[in-house]
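Since every read-out is calculated from the coordinates, none of them should be taken as a lab result. All values reported here derive from a predicted model rather than from experimental measurement. Heads up, the Cβs are rebuilt from the backbone with ideal geometry, glycines too, and the neighbour counts pull from every protein chain shown.
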Amino acid sequence: MRTRSEPALPVARPLWARLRAWLGWEASPPGVRGGPPPASASRPPSAPFAPLDAPWAGLVPAPGVDAGAARAHVVRTLLALQPAEPALAAAVLAVAGDESLDLPVFPDVARALDRLLRAGDPPVTEVARLIQQDPDLVRRVWQAANGAAWARAAASLDHALARIGMDETWRIAMGACVHAPVFRLRAFQAQADRARARGLVAAEVAAHLAAEGRGDAWVAGLVHEAGPLVVWRAAARARPAPPAGVVEALLREIGPSMSVLVAHAWGLGRAVAWGAGLHPDPSAASPEGRRMARTVQVARICAVAVLEAEEGRDWGALGALSEDADPGVDPASALRVARETLGRLRAGAARVG
């Protein structure tokens, strides 16, 4: 799939032909990169780093953070896909054409907690009263406060909040959006779960890079994978169901633009939209958004790398990040945060299961 640095494809070559080439169903035209190796393929640890092959490469950045421009790019791409995959194109078009993206509103309690914590350092009792308005959020706070790291169970919600701290409470609340029931799918649940995990890991890495316990960097890291979640949800509704590889190829074209639309639908602000949509090519962002886009780009590389490593694949992320490291950024530290976060996610899922 084309990025901004690649030559434009001939107009006569339809999107479906490009998707076929990406999937390896036909030879790629000169100057156009093919897709990644199959999931079963494994790069030997000693192999040289090849950034063009890496699974974090090849995404097409959003045309900007304007919702109209992002939606226009998505619609054009889907209309080109429609002759070959009418069911998938129609399902995603139906969602993309709705300003809300058919998503639930951003959780009121999470938004209220964000405002409360940005205003100062409220007492735990005030935070507890707010949290109690959302039973699912109470459940997640209890889970976090009574994990294996603690010898005794928390005695009360106030105790649980004091134990995990306000930063972690904020993250649990803000992350609730990607755990919404609308993302429990009959088909493609494994792909949706993987996208959610990438977002949650990237959020932690982005917060680490920005040196902030809570804020826009964490949210941008999370939301950069919310657009793909919306697409997987739409694909699960399509009849007949499209091949997963076709959806993945489509996401390389529209995933970042869909994430910009999610940022608008949830009213998360321009900073979040810059990171969510322009991370594939931070140089395409305006000066105001370039730093956020770069932060999410590094966070995404780390998130993809640790999920790939979990399946025995080493794509040389440390080398890639070290070659182009920003001043003050320690790639090894960022990857460590990513591994630790994924470990906590897996441990939490095992306890719930």
Peptides ranked, highest mean first, by Cβ atoms within 10 Å: ranges 98-105, 300-307: 300-307, 98-105
Positive-pole candidate from Met166, Gln143, Pro107, dipole of segment 105-179, charges at beta carbon: Gln143
Along segment 311-319, what does the Karplus equation 6.51 cos²θ - 1.76 cosθ + 1.60 (θ = phi - 60°) give for ³J(HN,Hα), rounded to whole Hz, x for Gly and Pro? 9, x, 10, 10, 9, x, 5, 4, x
Please get the size of the charge dipole for segment 136-181, origin at its Cα centre, with Cβ charges of +1 on Lys and Arg and -1 on Asp and Glu, quoted in debye to the nearest 20. 120
Going from the fewest other Cβ atoms within 10 Å to the most, one would list Thr341, Thr77 as Thr77, Thr341
GluC sites (Glu not before Pro) in segment 255-319 lying in a DSSP loop, each with at most 15 other Cβ atoms within 10 Å of its Cβ, come to Glu311
The distance between the Cα centres of segment 279-333 and segment 107-177, in whole Å, is 30
If R0 = 45 Å, then Asp102 and Glu323, at their Cβ-Cβ distance, give a FRET efficiency to the nearest 0.05 of 0.65
Debye sum, Cα scatterers, segment 105-179, no solvent: what log₁₀ I/I(0) at q = 0.12, 0.20, 0.27 1/Å? -0.28, -0.79, -1.39
Of segment 97-112, those with amide N under 17 Å from the point 7 Å along the Cα→Cβ vector of Glu126 are 109-112
So if each residue of separation counts as 0.36 nm, and I subtract the Cα-Cα distance between Val138 and Gln82, what length gain in nm does that give? 15.8 nm
Where the only charges are on Cβ atoms (+1 Lys, Arg; -1 Asp, Glu), what is the dipole of segment 242-301 about its Cα centre, to the nearest 20 debye? 220
Taking a crude spin-label model, label points 7 Å out from Cα along the C-beta direction, the Arg186 to Ala332 distance in nm is 5.1
